[in-house]
Amino acid sequence: MQKGVFIIIGLIFGFTLYGQSSITETSIHDLVKNRADEIFDSLVEIRRDFHMYPELSGKEQRTSKKIEEYLLDLGLEVKTGVGGYGVVGILKGGKQGKKIAWRADIDAFSTNFPDVVEFASKRAGVRHICGHDVHTTIALGIANVLSDIKDELNGTVYFLFQPSEESFEGAKLMIKDGLFDIITPDEIYGLHMFPIPTGTISTKPDEVFTYMRRIRVSFKKGVPVDSVKELTTAIARDLSRAKSESKPWELQNLSHPEIGIFSPDNSYQDYLIIRDNFRVTELNDRYLFESVLYETDRLNLDSILIKAEQQILNSEYKDKFIGIEYTSEDPGVINNKELTESALNLIGEVYGGKSIIPDYGQIPFFNDDFSYFQQHVPGVYFLLGGSNSDKGLISMPHSPNFAVDEESIRIGVKYFASLIINRANVK
């Protein structure tokens, strides 16, 4: 065969005459797309298996074993039993590059809501109503795609399959169990299903969710409980704030085109929600009035306690007042600004600008212990669309009719495999 023919064939298949790889960045993303299409049907089967056999936080034994077997079949180095049923897969590329971590949560949720899909949960009272079965499947798909082209892959990719996210304990347990002795990532990424159209993703720099705090007000015994509860309720309503006419506590409006988080002038930017239904408990010589608040501005957190205390001290119950405090301060997800902008630019360039929906707000009521990983490694947390109005599917986590368009699996594998390839190659 003539040399010119060899060159043409080499250009088509991405190799030189001498067998050395010359795959361009464009062509490697084409390989990602093709491979994701090839394995899509098998990934749907895996997702449905996870969905039918969900496991609660700390009990993810079967799920963990399935993950381990899949990764071993791909040829990855696998560590198990990290922080309970956590699994770590390690994929070493054929070239030098960065070390990138991808995290997927694997546990299910306790609920009596009936399942809405034909492959319903076979375990009473347990269901993947938050999409972790999809998260796990996407991570396995990314591992499959990248292992198929590992000789062309720069650096090392760590796949973290985290247990116990619903209890907000899994990330801490993995870290305590020596996760960062096993892996040394430069960056970390993860995702969560969200009720935006399939084929789209969203995220933003800095805070993704509000700052959540559990608040406790203590009074000496002898106060009229019902009257003090009315006082705390009134204070909560007085201190809560939102933009005029907006209702950030109404999650059904999150995706609304005019007032949702994807509109620059939205209801989810500057607000404080204090749940006004305080729970009352008795402890020794005092009554504890407890609730939860959601604040978009971290700098306001201390002043909330001060303002509430001032109102109590101006009330008729000031002599019985003991104190006010935050009793729980779980960290929030805070995206690295540079990595977020880089990731969105890359995905937009490879998959088109319509794949990105800008996010301008902060989501109340939700949080994710992915934040504990971000305390050690800079990273980005994405919202992945799983809703399809034509199919009647709305992927709002923890909602009774939660369902996911499985096409989002293909989308997630493509977008984020391309992202990892790109980030591992950044000097």
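The values are calculated or read from the model by the stated rules, or taken from the named source; none is laboratory data. These figures come from a predicted structure and were not determined experimentally. All Cβ positions, even for glycine, are placed from backbone atoms using ideal geometry, and neighbour counts span all protein chains on display.
Okay, here's what the table says:
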item	result
From Gly353, Gly385, residue being closer than 18 Å to Ser418 by Cβ, modelled with pLDDT under 95 and among the small types (Gly, Ala, Ser)	Gly353
Failed condition for Ser121, given (1) at pLDDT 95 or above; (2) not in a loop (DSSP other than H, G, I, E, B)	(2)
Candidates Glu230, Glu165, filtered to the one that is more than 25 Å from Gln269 (Cα to Cα), among the charged types (D, E, K, R) and crowded, with 22+ Cβ neighbours inside 10 Å	Glu165
Those helices (runs of 4 or more DSSP H) lying entirely in the range 301-408 with at least 3 residues in the same structural domain as Phe180 (by TED's automatic domain parsing)	337-351, 370-374
Residue within the range 172-189 that is at pLDDT 95 or above, small (Gly, Ala, Ser) and surrounded by 18 or more Cβ atoms within 10 Å (Cβ to Cβ) present	no
Tally, over the range 331-346, of residues that are in contact (Cβ under 8 Å) with a residue 60 or more places away in the chain, closer than 30 Å to Leu293 by Cβ and surrounded by fewer than 18 Cβ atoms within 10 Å (Cβ to Cβ)	1
Matching residues in the range 195-227 - criterion: being assigned to a strand (DSSP E or B), buried (at least 19 other Cβ atoms within 10 Å of the Cβ) and under 17 Å from the mean Cα position of the chain (by Cα)	Pro195, Ile196, Ile201, Ser202, Phe209, Tyr211, Met212
Meets criteria (closer than 30 Å to Phe119 by Cβ and either modelled with pLDDT of 95 or more or in contact with an Asp or Glu (Cβ under 8 Å, 6 or more places away or on another chain) (or both)) for Phe416	yes
Identity of the residue in the range 130-186, basic (Lys, Arg) and more than 19 Å from the chain's Cα centre (by Cα), that ends up nearest to Leu91 (Cα to Cα)	Lys150
